Amino acid sequence: MRLWTIHLKKWLIGIFFVLSVILPAWFNGSKPKIMILHSYDKNYSWVKDVNIGLHRVLDDHRECAITWYYLDTKRHPWPEFKTNAGTSIRRMIDVAPPDVIIAIDDDAQDYVTRHLIDHPTIQIVFAGVNNQPADYGFDHARNVTGILERLPMAALRETLLLIAQHNAMRQPLAIRFIGDLSETVLGDEKNFRAHDMAPIRVLDSRLVDTFDAWQQAVRESAGQANFLITSNYRKIRRSATGQELVPAQELIDWTERHATMPLIGTNGFFAEDGGMLAIGTSPFEQGEVAARLALTLIGSNKPPQPPPMRATEQFVVAMRAPLVLARHLTLPRVYEAAARSINKYYE
């Protein structure tokens, strides 16, 4: 009897351990699967803020199994690296296809999601896309929706005119867009030029790929532009013959010391990089909207067609106060309050 009782205990313990492994695996395997795929690395300020928006929505939905991946193409902008990174992710998707992919920024679309258009089981939600949906074949796709990233041009125009008014600057103002030659910036520049900025004059843009060309563009703008506008500058090479990239902080620091006119950013990380003022697209909105669209696509009330694509509606303010003072500019206090509200005010 005692021996039988011992065997029974062993059997029960064994069954307990087997169930403790199988049941959680079965439970997690039955959850709707969301893959979050970033174009860049997780320490990039823009990515961190997009993730804050994603977490605000998804953290309350434990019924979903969520995985996170980073292509890291901002720090490795070379075609071979991008191709290999995209191929690796697509192979992973072939082996374990998610129900929804939330793909953020343009490289994730170019190297991964455009290959999954009209996939029979995978839905795609994009965010942070600066180019047009048609550039990736999304305009006629039956499994794609998302939120486009667009520069907050109306808010930028209002801010420039306000600065001119508060600081007795001669009008009409003239502005020039300056940036690198990445796909993201090329898309930004198209959107920048498409917006009616009247009465502000928009000069021809300067899109460059080396530090020397950037410095030349800044110097030749003296006496031509009242403001320089930039969206991104992380793919500026140290020289025309090498692949070393100029650190963002170094490039912005040089520009602040040598530019005769203020440089205004259109992303919140611009002030973090050392810039004076940014009127930027809200990364929090990009993350929140993408997460809500993903939940709509896997919920019990899943629509027969993907929800309509959307575009940026919100913007953020970031400010580095010592640089505002150094240029003897004054701004309404509401700008400081807005920057402080998202911890983007630097003293």
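The values are calculated or read from the model by the stated rules, or taken from the named source; none is laboratory data. Every value quoted in this text rests on a predicted model; they were computed, and no experiment measured them. Cβ atoms come from the backbone with ideal geometry, glycine included; neighbour counts cover every protein chain shown. Please note that ligands, DNA and RNA were not included when accessible areas were found on the heavy atoms of the full protein model with its side chains. Shrake-Rupley method; radii C 1.70, N 1.55, O 1.52, S 1.80 Å.
See the values below:
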quantity: Every pair of residues 6+ apart whose Cβ atoms lie under 7 Å, when the first sits in the stretch 172-183 and is under 15 Å from Ala248 (Cα atoms) while the second is among the aromatic types (Phe, Trp, Tyr) and at pLDDT 95 or above; calculated: Gly179/Tyr233; Asp180/Tyr233
quantity: Selection count where residues are in a loop (DSSP other than H, G, I, E, B), of a type outside the set (Gly, Ala, Ser) and surrounded by fewer than 18 Cβ atoms within 10 Å (Cβ to Cβ), scope the stretch 220-234; calculated: 1
quantity: Selection count, the stretch 256-313, where residues are among the small types (Gly, Ala, Ser) and buried (at least 24 other Cβ atoms within 10 Å of the Cβ); calculated: 10
quantity: Residue satisfying all of: in the stretch 76-95; in a loop (DSSP other than H, G, I, E, B) and touching a residue at least 40 places away in the same chain (Cβ under 8 Å); nearest to Trp46 (Cα to Cα) among these; calculated: Pro77
quantity: The stretch 193-219 - residue that is open to solvent by less than 50 Å² (accessible area, probe 1.4 Å) and among the polar types (S, T, N, Q) and, of those, farthest from Leu162 (Cα to Cα); calculated: Thr210
quantity: Boolean, Val317 is among the β-branched types (Val, Ile, Thr), within 21 Å of Glu158 (Cβ to Cβ) and out of contact with any Pro (no Cβ under 9 Å at 6 or more places or on another chain); calculated: yes
quantity: The listed residue being without any contact (Cβ under 8 Å) to a residue 60 or more places away in the chain and in a loop (DSSP other than H, G, I, E, B), out of Asp212, Asp204; calculated: Asp204
quantity: For Asp188: the one exception among (1) of a type in the set (Asp, Glu); (2) open to solvent by 30 Å² or more (accessible area, probe 1.4 Å); (3) touching a residue at least 12 places away in the same chain (Cβ under 8 Å); calculated: (2)
quantity: Any hit, the stretch 119-130, residues being in a loop (DSSP other than H, G, I, E, B), modelled with pLDDT under 95 and crowded, with 19+ Cβ neighbours inside 10 Å; calculated: yes
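Let's see how each residue does on (1) part of a helix (DSSP H, G or I); (2) modelled with pLDDT under 95:
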| position | (1), (2) |
| --- | --- |
| Trp4 | yes, yes |
| Phe17 | yes, yes |
| Leu23 | yes, yes |
| Trp26 | yes, yes |
| Leu37 | no, no |
| His61 | no, yes |
| Tyr69 | no, no |
